[in-house]
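This report concerns only the one structure given below.
The values are calculated or read from the model by the stated rules, or taken from the named source; none is laboratory data. For clarity, every value in this text was computed on a predicted model and none was experimentally measured. Quick reminder, even Gly has a Cβ in these numbers, built from the backbone with ideal geometry, and neighbours come from all protein chains shown.
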Amino acid sequence: MLLTSIMGNVNATDQVPDNQVWTPPTATFFYGQPKANISCKFLGTPYGVYWMKGSSPATADTLLSLTKGEVSGPKFDDGSLTITEDYSLVFNNVQAGDEGNYICRVSNHNGYLFDNNTDVMVLDPAQVSIFTEPSITGWAGHSVNLQCAFRGTPERVLWNRVQGEAESKSVETVLRYTSGGNEVLGDRRYSWSDNYGLIIRDLRVLDEGNFTCMVSKTGGTEIQNTTVLAVHARAEKPYIQIAQCKSQPEIATNGTTPEPCQYNVTEDKDSFELQCSVIRAKPRVDILWQEESQNLTASQIVTQRGDGAFDVTATISRRTNQSDQFHFRCIASGLAVNGTAERTVIVEIIKPVQGSLSGSLSGGYIFLILLLVVVISAFLIFVVCRGWKYHKTECPRVNYVSVESKQNADSGTRRGFKWIMTRDCVCWVFCCKKKEDRTHESVEIQSLNEEETELGNLREKLKSYRPGKDTGMAGVDIPDSSIHIGLFGAMGAGKSSFINSLHFALKDDYKNVAIEAGNAAGGGQTKFRETVQLTDHIHIVDNRGMKDFSSEQIEKHLMPQIRGERGLDPKEKVKKGTGKQIHCPVFVCNLSQPVGRASTLKFITEFSDKVKGHFGRNVMVAVTHKSKLDGSAEADGSLEEVVRLIIDDGGVPSNSIQTFENYTEDCHAHDAMKSIEYLKFLCTCLEIGEINIKAKKKEKKNF
């Protein structure tokens, strides 16, 4: 692990950037609160982690440390503080004296790395029942963490987004927590942070608004508070964009000041204009034109874009007869350009280019142009006439419909346009080729139509699906509710992409309904289980990715989640059956690389055996990254070999294994057969889920 020293503020984010240590900028606790914690996140394995309190690392006192797996320090000895396996600092029974600056310091073989401090505030519950920041400003493209601090264990927590004025305001619940787990009801960029805070990833200007945290406690007590979120946006680079300098890219000459732009204007023109623009800025910037350090009066236009950011353009004009050379400078100022940005434009008044041969050749040019027009016109007339003859003699009206006419309305209404573009017609026009048998092409079209019909039927079936005898998949008699499909697997296996692919296959609308944490995040940033509702009756539970394939995770974490013994936090135990139970467990894995394949197969065997012991059925296995296995010369084992390994070494029957190449944000072109595979898998899971529900009900009744 290589760590470099980072000074100053680090943006609050739920993902740790490369070569940085992250702690939240602020944390708010209540006096007497039994437990509270501050996260410390970084990449790699440290030599030691040291929690300190003070204004700077040079003068701060070390409270406790974790080195070589052992915790030590004065605050650990007296029981007031401890440190978790993921290096979070835990406060036991918060006191007023716990206020202050806390520093997480990490060491490795290269020395120490310390992050900016976390400012801890302790509130008196007698005076404040719930705390949120009154206002907070984030930057577009980054993340923001909205705190919600209160005492006690809640029955329910809601984060509501309020927009508009009082007479036309709208309220949208974006996150909801209950004892059964948490649900993300709004944009999938929303997620939970520690202590019931709201994280918004990849901020946009349109995210601005009031966010209210509403907490319901035992006995019916409800408390709430609101944070006003403002979002700023850096302008597009280069910050200064001058229309007349597009052909001369901005190059810095001294690290900050870009090289001047040269703009030539011929003296036969009466005047010229210069336009200076700053694009997509929030808040809006001010633009000033100067000539020889003198401020100029410029015509300024401000336009607000649909995404909430501003475009600002300032235009000046000059007559060419005022000088042979002009020096102008455009200066933009504001937060969106990091303070100030500028660029110089040198305008040269030059003589027009005199072409001595232009007069003698002008007649020749005109003749060549006219000749070219005549040739092109004759060619087009030839093609149209031959095409029309082909259409009359070779294309009598039959029930055949070409692929082009299928895509561009009925063939009979588009005769003058699409028929000439068909392959048969082009060959006939230029080669006098008679029409060929279209039987093969008709079969292809018929096959395409059948696939689209099957896809449409599956979508309709799943959108109207309700568990139970009437519309369910298994035909078992269970009450109307929702089927919970639980996804389990290691980080990077493709669970999130798999959920996005199911959503796209069902709704034909690609959205990031589940966001991948990535290996850099270590799977530890979002510590909560997330539920994605494909429909009101089909729920996908996205469980946190595993860091390894140790067998103890099965009984310690996975099976309790399946049995409904875990709440929002997969480590948080709840009363049996009150958590989100899983009816169809699915293990998602990537076996495209040989590294770790043996441990993965061993884990599948053990996990499938436990699931079979619970439900009487094996776990479903979804193998991702199919393209790396299917027909690739670089693949470590073919697709068939990998499936055979899961059957033989993993002990899973072939009808419980399916392979996929996930849709992604960059690659989600419509593919009927691919979407059909996802939806058939979904139908199978729903059928298994219904059977498992009935089996457990029968088991409970017999017991």
query: Are there any pairs with C-beta distances below 6 angstrom linking a residue in segment 294-305 that is among the hydroxyl-bearing types (S, T, Y) to a residue that is modelled with pLDDT of 90 or more, with the two at least 6 apart or on different chains, and if so which?
result: S299/T315; T303/D311
message: Given the condition assigned to a strand (DSSP E or B), at pLDDT below 85 and surrounded by 17 or more Cβ atoms within 10 Å (Cβ to Cβ), answer yes or no: does some residue in segment 75-96 qualify?
response: no
task: Would you please list the contacts, defined by Cβ atoms under 8 Å and residues six or more apart or on different chains, that run from a residue in segment 487-503 that is within 18 Å of K580 (Cβ to Cβ) and of a type in the set (V, I, T) to a residue that is modelled with pLDDT under 90 and not in a loop (DSSP other than H, G, I, E, B)?
output: I499/V532; I499/D542
task: Restricting attention to segment 221-268, report how many residues are among the polar types (S, T, N, Q), part of a loop (DSSP other than H, G, I, E, B) and either at pLDDT 90 or above or not assigned by TED's automatic domain parsing to the domain that holds I316 (or both).
output: 1
task: Please verify whether segment 277-291 includes one or more residues that are touching a Phe, Trp or Tyr at 6+ places or on another chain (Cβ under 7 Å), closer than 16 Å to Q241 by Cα and not in a strand (DSSP E or B).
output: yes
task: Consider only pairs whose beta carbons are under 9 Å apart and that are at least six residues apart or on different chains; among these, list those whose first residue lies in segment 677-703 and is in the same structural domain as G564 (by TED's automatic domain parsing) and farther than 12 Å from G616 by Cα and whose second residue is among the basic types (K, R) and surrounded by fewer than 18 Cβ atoms within 10 Å (Cβ to Cβ).
output: L679/R459; L679/K461; C683/K461
message: Residue under question is A669, and the condition is that it be of a type in the set (A, V, I, L, M) and farther than 25 Å from H484 by Cα; does it hold?
response: yes
message: I'd like the residue in segment 476-492 that is in contact with a His (Cβ under 9 Å, 6 or more places away or on another chain) and at pLDDT below 90 and, out of all such residues, is nearest to K463 (Cα to Cα).
response: S482
- request: Would you tally the residues in segment 493-535 being touching a Ser or Thr at 6+ places or on another chain (Cβ under 7 Å), farther than 21 Å from N618 by Cβ and modelled with pLDDT of 85 or more?
  value: 2
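Here is a yes/no grid of residues against (1) in a helix (DSSP H, G or I); (2) of a type in the set (S, T, N, Q):
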{"position": "I646", "(1), (2)": "yes, no"}
{"position": "V652", "(1), (2)": "no, no"}
{"position": "N655", "(1), (2)": "yes, yes"}
{"position": "D666", "(1), (2)": "no, no"}
{"position": "A669", "(1), (2)": "no, no"}
{"position": "E677", "(1), (2)": "yes, no"}
{"position": "C683", "(1), (2)": "yes, no"}
task: Give the residues of segment 186-210 that are farther than 19 Å from A230 by Cα and either surrounded by fewer than 16 Cβ atoms within 10 Å (Cβ to Cβ) or in contact (Cβ under 8 Å) with a residue 60 or more places away in the chain (or both), sorted by residue number.
output: R188, W192, S193, D194, N195
field: Filtered residues of segment 653-700 (kept if basic (K, R) and buried (at least 16 other Cβ atoms within 10 Å of the Cβ))
entry: K674, K696
